[in-house]
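The values are calculated or read from the model by the stated rules, or taken from the named source; none is laboratory data. Computed from a predicted structure; not experimentally measured. Note that each Cβ is placed from the backbone with ideal geometry, even for glycine, and that neighbours are counted across all protein chains shown.
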């Protein structure tokens, strides 16, 4: 169990079961480094993908070493509970090589069952995929504090509950309950004088320049599904720095800086290059479609984010 400030608005986020030492609360610490990455699932089979292995190897050799790693989901091919139960241990074995705490926020491959087409996947109504995730990986959303910072995981493939599936493409969902807990948590952190920085990490991006951006289809304009998604989007887009330093997302398999951080603004960064097939490759590569992770340096009131490419920044390059 992670030693962390007791915060009641969201559950405590726990590190993955990799055998790494417990993080602790970092009391009095205001200078540290952590890494951020996401989307390591293989295209076929149970994995691990070559890109995932390469990214973890580069992280192992980095200097300075991170105190912990935030991961943006799609850790497995998933989409069925039997596959998930086989694949999580494979991914966890690779994460264990880092020997530092890893915290994951789930993606569509962890929590969605396969639908009739590419855009018709949706959260598994049986709950079996969610059960597999919570059993083997931990809570699907939550908060932890370390030193002068707080880290909030958001589940962007939340259960639909009594909300009807969308008429158009499914493109993520955050329930009213999770959104209200999140809003209460953020308000509590904003008023906590010991917290200088808040970092959010989630799978689906709120800001992106293509169809990976979380938003309802036009044909769902007047549905409860669209209302809930838009309420969540409004909550995140209204976040401001000071305090909310960065919102990290994945899902789009590339690096994309949607909004630069620093200078009193909240940064929105997509980091989805940890091993999954790169965006648009091989035929129509998108900018930033290279394997990478992010290095985040916290130094008192300052935060610096650096993208670390694996074998260069050539789109669609081998890991």
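Here are the numbers for the structure shown:
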item: Residue in region 278-294 that is touching a strand residue (DSSP E or B) at 6+ places or on another chain (Cβ under 6 Å), farther than 20 Å from residue 206 by Cα and modelled with pLDDT of 95 or more present; result: yes
item: Any chance residue 274 is touching a strand residue (DSSP E or B) at 6+ places or on another chain (Cβ under 7 Å), in a loop (DSSP other than H, G, I, E, B), closer than 20 Å to residue 33 by Cβ and modelled with pLDDT of 95 or more; result: yes
item: Test result for residue 179, closer than 23 Å to residue 238 by Cβ, assigned to a loop (DSSP other than H, G, I, E, B) and at pLDDT 95 or above; result: no
item: Failed condition for residue 162, given (1) touching a residue at least 12 places away in the same chain (Cβ under 8 Å); (2) assigned to a loop (DSSP other than H, G, I, E, B); result: (1)
item: The listed residue being crowded, with 20+ Cβ neighbours inside 10 Å and closer than 26 Å to residue 252 by Cα, out of 149, 153; result: 153
item: Some residue of region 4-13 being part of a loop (DSSP other than H, G, I, E, B), modelled with pLDDT under 95, farther than 30 Å from residue 253 by Cα and in contact with a helix residue (DSSP H, G or I) (Cβ under 6 Å, 6 or more places away or on another chain); result: yes
item: Test result for residue 198, over 30 Å from residue 280 (Cα atoms), touching a helix residue (DSSP H, G or I) at 6+ places or on another chain (Cβ under 7 Å), in contact (Cβ under 8 Å) with a residue 40 or more places away in the chain and assigned to a loop (DSSP other than H, G, I, E, B); result: no
item: Residues of region 214-228 satisfying the condition of being touching a residue at least 40 places away in the same chain (Cβ under 8 Å) and either under 17 Å from the mean Cα position of the chain (by Cα) or part of a loop (DSSP other than H, G, I, E, B) (or both); result: 214, 215, 216, 217, 223
item: Within region 238-258, considering residues that are in contact (Cβ under 8 Å) with a residue 12 or more places away in the chain and loosely packed, with under 14 Cβ neighbours inside 10 Å, the one nearest to residue 194 (Cα to Cα); result: 242
item: Test result for residue 73, crowded, with 17+ Cβ neighbours inside 10 Å, part of a loop (DSSP other than H, G, I, E, B) and at positive phi; result: yes
item: Count of region 39-60 residues which are at negative phi and outside any helix (DSSP H, G or I); result: 8
item: Odd one out for residue 219, checked against (1) touching a strand residue (DSSP E or B) at 6+ places or on another chain (Cβ under 9 Å); (2) farther than 18 Å from residue 298 by Cβ; result: (1)
item: Residue within region 167-186 that is buried (at least 17 other Cβ atoms within 10 Å of the Cβ), at positive phi, within 17 Å of the chain's Cα centre (by Cα) and touching a residue at least 60 places away in the same chain (Cβ under 8 Å) present; result: yes
item: Condition check for residue 153: part of a strand (DSSP E or B), within 24 Å of residue 90 (Cβ to Cβ) and out of contact with any helix residue (DSSP H, G or I) (no Cβ under 7 Å at 6 or more places or on another chain); result: yes
item: The listed residue being more than 16 Å from residue 153 (Cα to Cα), modelled with pLDDT of 95 or more, part of a strand (DSSP E or B) and over 16 Å from the mean Cα position of the chain (by Cα), out of 297, 234; result: 297
